[in-house]
Amino acid sequence: MGSLMDLVAGDAREIVLALAIDDVAAFDDPDRFVAHLPLGGGLDPTWLDLFSEAVRTVTDEADPVDFLDARSEFEFGEANVERIVERVDGGWVSAVARVSDEQLSALAGRWIGLLEEELGLLPREEKPWIRDLTGRIVDFARRSDRAPDVVFAWAF
């Protein structure tokens, strides 16, 4: 199995099919999927709640809701895969997509601050990775904003 946490935009049934046959490499095919953000196995999903809080702070908006609240089960039944597979609310994606380029640095700094409040001081070498991830999440949201579905697939 590839990375253990992915955000994927496209048709939900195609996403679940790729997961069912363990073809996560297919997520990078732009003819099949709108966007893909591999998050790996080192990120805790609750970090995305803190990311949402950072977006609200930096944009001075009420959205996005916490990532936990933006996820829901599929209407078409249980996905037969080894990961938890959830639909991500389009409102969360749109709110993140509206973050401007000028706000990215402040967003990364606020997210790091929230992570440190939660976890304690982060090692210095972790901060560039989080800054980079901030931009990649916003870029993913911008590319996915009009996608039919956005899916969060993860294992713990």
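Odds and ends about this structure:
- Over the chain, the alpha carbon radius of gyration divided by the compact-protein estimate 2.2 N^0.38 Å works out to 1.01.
- MRE, 222 nm, helices only [DSSP H, n ≥ 4, -39500 (n - 2.57), over the chain, to nearest 500]: -13500 deg cm²/dmol
- Dividing the alpha-carbon radius of gyration of the range 31-117 by the rule-of-thumb value 2.2 N^0.38 Å gives 1.19.
- 5 angstrom amide H check on Leu4, placed H, neighbours 5+ away: Gly40, Gly41
- Alpha-carbon Rg/Rh ratio, for the range 78-150, with Rh computed the Kirkwood way: 1.06
- Whole-Å distance, taken between Cα centres, linking the range 103-120 and the range 1-68: 19
- DSSP loop GluC sites (Glu not before Pro) with at most 15 other Cβ within 10 Å: longest gap in the chain: 1-60
- Charge dipole magnitude, Cβ of K and R +1, D and E -1 - the range 41-156, Cα centre, debye nearest 20: 420
- Note on the range 29-78: Rg/Rh from Cα positions, Kirkwood definition for Rh, rounded to two decimals, is 1.06.
- The chain - percent relative contact order, Cα under 8 Å, separation 6 or more: 36
Read the figures in this text as sums done on the coordinates, not as results from a lab. Remember, it's a predicted structure, so these values are computed and weren't measured experimentally. Note that each Cβ is placed from the backbone with ideal geometry, even for glycine, and that neighbours are counted across all protein chains shown.
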